[in-house]
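Here's the structure we're looking at; comments come further down.
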Amino acid sequence: MPRYFFHISDSSSLDDAGTELPDIAAAQAEAVQMSGQIIKQGSMGNLWKDIPWEMKVTDGPLPYGRTLFVLRFAAFQSEPPS
């Protein structure tokens, strides 16, 4: 079974262990779920300051793993109309 590595750029969280999953579709679903949990927990304190962060999924630990896909997130709150 392939092993996928989930790295968070903004917090410099590198995944050295990886997670075994059956295929890339399962890795994509896992990345979306993990990203949702990070956002839900408020772990990315700069999210609403329009400071982007990303989750990079690779087929090996960095710097040796090949990037398979990347999820990018940024949000901003506009000023309320006057």
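The values are calculated or read from the model by the stated rules, or taken from the named source; none is laboratory data. All figures in this text were calculated on a predicted structure; none of them were measured in a lab. With ideal geometry, Cβ positions are generated from the backbone for all residues, glycine too; neighbour counts draw on all protein chains shown. Accessible surface areas use protein heavy atoms only, side chains included; no ligands, DNA or RNA. Shrake-Rupley method; radii C 1.70, N 1.55, O 1.52, S 1.80 Å.
Label 7 Å along Cα→Cβ of residue 16; the range 54-68 residues with amide nitrogen under 16 Å?
Under cut-off, by backbone N: 60-65.
Residue 1: net charge of surrounding residues, Cβ under 11 Å, Lys/Arg +1, Asp/Glu -1, itself excluded?
With Lys, Arg at +1 and Asp, Glu at -1, the neighbours total -1.
By per-residue mean of other Cβ atoms within 10 Å, what is the highest-first order of 52-61, 16-25?
Sorting 52-61, 16-25 by mean packing, highest first, produces 52-61, 16-25.
Quick one: what are the phi-derived ³J(HN,Hα) couplings along the range 72-78, Karplus 6.51/-1.76/1.60 with θ = phi - 60°, whole Hz, x for glycine and proline?
10, 9, 7, 8, 9, 10, 6
With a sphere of radius 13 Å drawn around the Cβ of residue 22, what net charge do the other residues whose Cβ falls strictly inside it have (Lys, Arg +1; Asp, Glu -1)?
It works out to a net charge of -2.
Does anyone have the angle between helix 24-41 and the longest principal axis of the chain? Alpha-carbon axes, 0 to 90°, nearest 10?
40 degrees
Keeping all protein chains in position, work out how much accessible area residue 3 exposes to a 1.4 Å probe, and write it in Å² to the nearest 10.
100 Å²
Please list, ordered by chain and number, the residues whose modelled amide H lies under 5 Å from the amide H of residue 51; skip anything fewer than 5 residues away on the same chain.
So residue 51 has HN proximity to 75.
Could you report the chain's accessible area per residue, 1.4 Å probe, as an integer in Å²?
67 Å²
Could you tell me what % of all Cα pairs in the chain have separations over 18 Å?
Cα-Cα pairs of the chain separated by over 18 Å account for 43 percent.
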